[in-house]
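Read-outs: derived from the displayed coordinates by stated rules, not from any lab. If you're wondering where the values come from, they're calculated on a predicted model, not measured in any experiment. Methodologically, a virtual Cβ is constructed for each residue, glycine included, from the backbone with ideal geometry; neighbour enumeration extends over all protein chains shown.
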Amino acid sequence: MLTSIIMDNTRNKIWFNNSTLMNCEIEDINKSLSDLGEHYKKLIGVYPGMTTVELIEHGKDYVTIKTNEGTMKRTNISIERTENKIIVDLDEEYITSKITTSSLVMEIFEVKNDKIELTIEIRNLVAPGFLGFFLRNFGGKNIGNGFLDSYKRILKK
């Protein structure tokens with residue numbers, strides 16, 4: 001019973017939600033997303049602290065990337081496109097030597113006044129143990145903003 005209460009409290013719990021404006025076009029994002037493997041390899045390649053990034057495998061709805069810190073698996077990737085908006089939903093698992101985390105990620109790219117507003121939402125973070133406690137309570141801002149900044153770097157004009 002306690003497990004189900006804990007699970008219900010973590011369901012759809014937002015861990016990070018923030019936006020940034022980027023100088024690019026919606027077509028640039030569509031082009032980048034046309035090859036998920038290269039897209040996420042570039043994104044993670046400019047993420048703070050990453051010194052090595054290797055694309056292990058990818059398909060139409062998954063990517064596995066090995067970094068100097070561990071292995072990132074992004075699965076169940078779905079992309080919804082309209083004329084002025086792209087929504088990417090995915091499951092993420094990140095496995096390091098010290099911790100394994102999992103979360104749900106939503107990336108929303110929307111045309112706003114000749115720019116693209118990117119909103120990233122990370123929810124349902126599972127990060128067990130002592131290190132997980134610190135990550136859950138203090139890591140959201142740094143990790144989420146790191147992804148926002150990385151997107152600005154790979155999609156800037």
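Using +1 at the Cβ of each Lys and Arg and -1 at the Cβ of each Asp and Glu in the chain, identify which of V126, Y151, I87 lies farthest towards the dipole's positive end.
Looking along the dipole axis, the top candidate is V126.
Using square roots of five times the C-alpha gyration tensor eigenvalues, list the equivalent-ellipsoid semi-axes of segment 18-96 in whole Å, biggest first. Walk me through the numbers on the way to the answer.
Working: eigenvalues 101, 45, 26 Å².
Gyration-tensor ellipsoid for segment 18-96: 22, 15, 11 Å.
With a cut-off of 8 Å between alpha carbons and a minimum separation of six or more residues, what is the relative contact order of the chain in percent?
Rounded, it is 28 percent for the chain.
Quick check on packing: order 61-68, 12-19, 46-53 by the mean number of other C-beta atoms within 10 Å, highest mean leading.
61-68, 12-19, 46-53
If each residue of separation counts as 0.36 nm, what is the full-extension length gain between T52 and N30 once their alpha-carbon separation is subtracted?
5.3 nm
Longer than 23 Å from Cα to Cα, which of K13/K73; K60/K141; K42/K141; K31/K60; K13/K152 are they? Say none if no pair is.
Distance filter (> 23 Å) returns K60/K141; K13/K152.
Let me understand the chain better: what is its radius of gyration from the alpha carbons, and its Dmax, in angstrom?
15.7, 53
Once both labels are modelled 7 Å past Cα along the beta-carbon direction, what's the D89-N18 spacing in nm?
So the label points at D89 and N18 sit 2.5 nm apart.
Okay, helix-only estimate at 222 nm for the chain: each DSSP H run of n ≥ 4 adds -39500 (n - 2.57), divide by all residues, round to 500 deg cm²/dmol; what do you get?
-10000 deg cm²/dmol
Once you have the Cα-Cα distance between K60 and N145, take 0.36 nm times their residue separation minus that, and quote the gain in nm to one decimal.
28.0 nm
Please express the shape of segment 88-131 as an equivalent ellipsoid: the semi-axes are the square roots of 5 times the eigenvalues of the C-alpha gyration tensor, given largest first in whole angstrom.
Largest first, segment 88-131 gives 30, 9, 8 Å.
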